[in-house]
Amino acid sequence: MSPLLALPDEILAQIVLLLPTPDILHSRLVCFKLSSIISSSVEIQYRIALETSGLEDNGTCSSFSPSEKLSKLLRGQKAWRKFKPQFIKPVKVQHLPSGIYDLSGGIYLLGSDRMLDLDYAVLPERDGEDAEWKSIELQETYLDMGLCIDEHDLVAIITTTPFETTGMFDIALHIKQFSTGQPHPGAKQPRISAFKSEYARPGIGIEIVGDNLVLILSYQRDRNATLPDRLFVFDWRSGVLKTSLVAPNRSYSGLIFLDENLLLLPNTRRGALEIWDLPRTASAPSPSAPVCILELPLLAPGRSFGQLSCRAEPNPMGANRFRGTKNHAERRQQRPYRCKAEDAIIIFNVRIQPLHAGPHPVVALGFSHVYTFFVHRKSILQIVEEQKQREAMPPTIDIDFPSNSLLFPPPIIWDQWGQKITRWIEADDMATRWITTTSGQRAALISSHARSSQGSGSPIVVMDFNPWSVKKVQHALLKKKRKLEATAERKRRQVQMRLDQQNAEIVRKFRECKEWVERIERELGDIKAAAELGSSRSRSPKLRYTTSTDPIDFPRLDHSNVAEIKTFLEDHSEFVEHLDVPPAIQARAESSRTHQYEDSLMDELDSDGDDSDASSSKGDTERASWSLTGSHTVDRAGVCFSSPVESELPCVCYSSSQHFHYDGALVDEERVLGIKTNALDRIEEFDVHYFG
């Protein structure tokens, strides 16, 4: 025995836990002892389940034992895979909501129409619980907010306040502790005056990771606005501005943190994704250009990017997390695991619009098209790392304005980066009004016509981009295919056996009949020969025939002549070859009746529903799952892009068995929210589908 295997099982289990998950799985094949240790260790099984589910352990959670964590995780993953929520809870909205919203880790924030109260619901985690509505009151009119709950227990609220004399508006940041609604104890400046704006309500983009708070002010909503877009990077703890950026109107609106210091900015005007490296301190030089530019597919003539919205949940975390209050910790840290930020998918909703000639292009919204594409955050990070290795970093200049375009790195064209790592879908008929439709590696989709009173509703489809999930489903589908093929072969053999028996009986009867006819022909020949020799018989003798063949299937030979019998044999000539060849071989190769049996057999197999994850019910109650592993093409006709866009990122899709009349479907780590609006297009109710 190897000295390693002579160690106690407990020590071997701890050694195995130090291995990467693929190596742990391979170790099961080494020997029986290692396989037994891996299979019986709850810690190892929990580690494998975390990795294959795209999750990581929540180190701050100590209320669950390893076996309880594993049980909870497996139960939740099974519910997602079968799209069978553990419970569904309807929730009424208790206030008149505004268009401000966010969904993160069990908190559904829905702003009030008064724009002075920030209302949110703590969503239920157990069957029988109700959603708990809470509110954060403000003294100034707010425009939007940004959440950073898991990392810092923080909400940053953007307000607008008019100056009495200048006609300008003060756009300010209020740094509050989410759990208490009070100024955040980690912020030296609870209120940060960010910018003096000519307009009261600029468009807002905001994200918070680590010490960085990034704020974007854009003016796309104002028809006559020509003001540039502005980006600010604050250290929210100190309230100091690290850097700022000014760009032409309609350049920036959304943003994604790739890690604590790398920022992805979709540039609508350029049709590209820019990755910027943020300064670490306020005294560090400001970046003069992106470190990497990824071009989107080229547009067809007369087309432009109308809107580029994006989101990735959860965000990465910085090195210095803020520890929240005890009550907050008890509520938020009960879940023993969380999604890995680096594995999360980024969703981009892309609107392509036609342009009309003129000094100011007029967008024909009625003829626009919407596309959605997904990419893993880690895939973009890998491209950035490769870019850094290939090229020297551009020089940095300590300025707060865009640099000369010559300093920008050469863009990476779409064909060089996008096809293999993205998945595009045509989203004209999808509900894309709310961007909070992804969490971790899952995305939820529902038809934009689902709420129509004249329709039957629409299923909710969850797309899972976890590579392990794709492998599991592919393995399950291959296993099912082999099972169906084995069942088909078994049934084919049974059908063939019955055909062989039937054909053998027919051939036996036919052989007896042929021998009988040949004997009759010989006797008729003898009679004719005797007549020619002048026989003195007074009448023709009767034919002597005996046969065991059923006379119903053959002509009455005692009233037939030889010509009629030969005609009968010619009409049934398909059996002649069976007389000298084994019938089973001929029936399998040539019999048309065999093919008819096989066709009916395949129809029967197509209707079989022996998949445990699929319902055998009919119509809109059928549950389905499928994988998308090959290349998929959008815009084949070239209406929006200069050439069809192909994408190959594999994923698995799960569809609900029930059809719903929702206006939209939102998702977080544990839930899907089905949104219902009223006649004024305001959210009045939502259903919580809890999976775990």
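A few points about this structure:
- Overall form of segment 153-288 per C-alpha gyration tensor (a/c, 1.5; a/b vs b/c): oblate
- Estimated inter-spin distance, L5 and Q502, nm [label 7 Å along Cα→Cβ]: 5.8
- Taking 0.36 nm per residue of sequence separation and removing the Cα-Cα distance, the S642/Q494 pair yields an extension gain of 47.7 nm.
- Segment 9-82 - percent relative contact order, Cα under 8 Å, separation 6 or more: 26
- Eligible lysines near K84 by straight Cα distance, threshold 16 Å, same-chain separation 8 or greater: K72
- Lys/Arg +1, Asp/Glu -1 at C-beta; segment 9-82 dipole; positive extreme among G59, A79, T21: A79
- Once the Cα-Cα distance is subtracted from the 0.36 nm per residue extended length, the R482 to E68 segment shows a gain of 145.5 nm.
- Cβ-Cβ FRET estimate between R522 and K33, R0 fixed at 60 Å, reported to 0.05: 0.15
- Spin-label pair V42-H632: with each label point 7 Å from Cα along the Cα-Cβ axis, the two points sit 4.0 nm from one another.
- Cα gyration tensor category, rounded, prolate or oblate, for segment 116-160 with a/c compared to 1.5: oblate
- About its Cα centre, the dipole of segment 9-82 is roughly 460 debye, where the only charges are +1 on Lys and Arg Cβ and -1 on Asp and Glu Cβ.
- Between H95 and E137, full extension at 0.36 nm per residue minus the direct alpha carbon distance yields a gain of 13.7 nm.
- Cα-based Rg and Dmax for segment 9-82, where Dmax is the largest Cα-Cα distance (Å): 12.8, 37
- Within straight-line cross-link reach of K388, lysines at Cα separation under 20 Å, skipping those fewer than 8 residues along the same chain: K378
- The modelled label-to-label distance for the pair R269/S283, using points 7 Å beyond Cα in the direction of Cβ, is 3.4 nm.
No lab work stands behind these numbers, since they all come straight from the coordinates. Just so it is clear, the model here is predicted, and its values are computed rather than measured. Neighbour counts run over all protein chains shown; Cβ positions are idealised from the backbone, glycine included.
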